[in-house]
1. Give region B:166-178 a look and list any residue that's β-branched (Val, Ile, Thr), part of a helix (DSSP H, G or I), near DNA strand D (Cβ under 10 Å from one of its atoms) and open to solvent by less than 70 Å² (accessible area, probe 1.4 Å), or say none.
2. List the number of the failed condition for A:GLY65; all other conditions in (1) open to solvent by 30 Å² or more (accessible area, probe 1.4 Å); (2) more than 7 Å from every other protein chain (Cβ to nearest Cβ) hold.
3. Return the only residue of B:LEU137, B:LEU181, B:LEU189, B:LEU155 being open to solvent by less than 20 Å² (accessible area, probe 1.4 Å) and either more than 11 Å from every other protein chain (Cβ to nearest Cβ) or more than 11 Å from DNA strand C (Cβ to nearest atom) (or both).
4. Enumerate the pairs (first residue in region A:125-141 and under 13 Å from A:SER164 (Cα atoms); second residue anywhere and within 12 Å of DNA strand C (Cβ to nearest atom) and not in a helix (DSSP H, G or I)) with beta-carbon separation below 7 Å, excluding pairs fewer than 6 apart on the same chain, so at least 6 apart or on different chains.
5. Could you check region B:99-134 and list, in sequence order, the residues that are small (Gly, Ala, Ser) and more than 9 Å from chain A (Cβ to nearest Cβ)?
6. Against the definition (under 18 Å from the mean Cα position of the chain (by Cα) and open to solvent by less than 70 Å² (accessible area, probe 1.4 Å)), how does B:TYR75 come out, yes or no?
7. Residues to consider are B:LEU90, B:LEU163; find the one that is within 16 Å of DNA strand D (Cβ to nearest atom), of a type outside the set (S, T, N, Q), touching a residue at least 24 places away in the same chain (Cβ under 8 Å) and surrounded by 15 or more Cβ atoms within 10 Å (Cβ to Cβ).
8. Could you check how many residues of region B:67-91 are part of a helix (DSSP H, G or I) and touching a Phe, Trp or Tyr at 6+ places or on another chain (Cβ under 6 Å)?
2 protein chains.
Amino acid sequence: MIPAEVIEKYNPTKLKLPADTFLFMEGDLPRFYYQIISGQIKMININTDGKEFMQGQFGGGQSFGEPPIFHNAPYPASAKTVGPTVLYKLHRDKFFQLLKEHPDLHLELTSILTKRMMYKAMIMKEMSNHDAQHRILTFIDYLKKEYGTNNEPFLVNLTRQQLSNLLGIRVETVIRTVKQLAENGEVELRGRKIFR
Amino acid sequence: MIPAEVIEKYNPTKLKLPADTFLFMEGDLPRFYYQIISGQIKMININTDGKEFMQGQFGGGQSFGEPPIFHNAPYPASAKTVGPTVLYKLHRDKFFQLLKEHPDLHLELTSILTKRMMYKAMIMKEMSNHDAQHRILTFIDYLKKEYGTNNEPFLVNLTRQQLSNLLGIRVETVIRTVKQLAENGEVELRGRKIFR
DNA sequence: TTCTTAATATGATCCATGTCATAAACTGAT
DNA sequence: ATCAGTTTATGACATGGATCATATTAAGAA
């Protein structure tokens with residue numbers, strides 16, 4: 001999001017992390033702005049019973065975990081690398097300075113944050129709807145609208161396990177519900193891949 | 001949020017609405033920035049079965065419904081007045097101009113948006129936790145931390161119906177669960193009022 | 001005050017999803 | 001090619017919250 005040549009003027013640290021490593025934990029206080037150079041980060045909550053709920057996932061060029069920086073509030077979720085990941089780590093003070101000196105980038109950040117808010121609003125709405133078919137279908141439609149091209153059958157490039165983590169539904173339920181959706185003709189299964 | 005003297009330089013309209021009036025509906029495209037002068041607005045989703053889920057509620061001085069403006073995306077929820085409400089209505093183009101000309105207010109907006117994001121993250125986490133007691137208790141603790149003073153017993157100034165709408169739990173369940181929480185000693189009931 | 005509406009309350013019943021167990025299919029690493 | 005870990009799959013069963021019905025209490029309007 002922040003161009004490399006800009007962020008590097010503010011003396012960020014570069015961080016290299018192996019796969020499946022926690023960068024920070026839910027409850028930690030934020031001190032840095034993070035931006036991914038390569039790799040992926042997921043923000044997750046772990047329930048009391050050890051089940052994972054994914055708040056979001058971010059890849060190359062994307063930043064994450066900004067909201068608590070603005071309030072010195074504890075992180076609402078933990079950040080974990082998905083694969084080997086390299087990222088910029090910029091102290092919050094410098095981050096604020098950067099925003100101040102680059103109004104255009106500040107506006108871009110606002111744009112990104114509002115997009116994530118709309119995503120969260122959608123998920124919350126679906127979660128308040130206790131119908132698994134509806135939840136999964138709406139989510140797939142969101143993905144299609146967001147990442148799909150034209151009217152081609154759209155490949156849902158997520159495992160059932162991931163859908164489970166993203167929607168807060170148990171994986172067995174996802175498996176059975178996807179099967180139902182295929183029987184209804186709402187989605188198409190090619191092998192195990194889900195299309196819509 | 002935006003001081004009256006600033007916003008008025010951008011020629012906003014003033015809108016007076018009676019109670020229980022929809023300002024815009026889920027799915028509508030956004031054209032204006034809204035800021036409440038007096039009264040209250042709630043942002044809600046209505047499920048297929050007519051049940052209401054509240055995304056947020058806003059009062060005097062607060063703005064709402066900004067995220068879609070940044071993307072020309074449909075509102076993820078409807079806005080409805082709670083009581084008689086007066087608000088500023090500013091065209092999006094002028095709103096962006098205002099942000100550009102007032103970096104301090106832009107930063108304040110970012111701060112407000114990130115706070116709401118953290119709220120949503122918390123609710124999502126709780127919603128992925130299928131335990132009613134936990135959900136209600138965590139929510140009350142959030143309110144206490146946010147609005148409570150010191151260590152005084154904190155009055156949860158919401159009806160069980162409102163808790164139901166905010167958490168996506170049926171009102172009967174809220175009633176029964178609050179009763180359980182009182183029996184556990186987790187909350188105190190004075191009459192029907194909930195304290196913690 | 002009276003009327004109307006919303007909130008609270010409680011019991012009975014239902015059912016979709018969670019839970020648990022087990023196994024096969026797949027994937028990636030060594 | 002082999003092994004370990006993950007994903008998908010399926011059945012049996014349990015259960016917490018949803019639903020439905022009904023009644024009481026409280027709050028706000030006329």
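The values are calculated or read from the model by the stated rules, or taken from the named source; none is laboratory data. Quantities reported herein were computed from a predicted structural model and do not represent experimental measurements. Heads up, the Cβs are rebuilt from the backbone with ideal geometry, glycines too, and the neighbour counts pull from every protein chain shown. Only protein heavy atoms, including side chains, enter the accessible area calculation; ligands, DNA and RNA are left aside. Shrake-Rupley method; radii C 1.70, N 1.55, O 1.52, S 1.80 Å.
1. Of everything in region B:166-178, those that are β-branched (Val, Ile, Thr), part of a helix (DSSP H, G or I), near DNA strand D (Cβ under 10 Å from one of its atoms) and open to solvent by less than 70 Å² (accessible area, probe 1.4 Å) turn out to be B:VAL171, B:THR173, B:VAL174, B:THR177.
2. (1)
3. Of B:LEU137, B:LEU181, B:LEU189, B:LEU155, the one residue that is open to solvent by less than 20 Å² (accessible area, probe 1.4 Å) and either more than 11 Å from every other protein chain (Cβ to nearest Cβ) or more than 11 Å from DNA strand C (Cβ to nearest atom) (or both) is B:LEU181.
4. Short answer, once both residue conditions are applied: A:MET127/A:GLY168; A:ALA132/A:ILE169; A:ARG135/A:ASN129; A:ARG135/A:ILE169.
5. B:ALA132
6. yes
7. After ruling out the rest, the residue left standing is B:LEU163.
8. Result for region B:67-91: 1.
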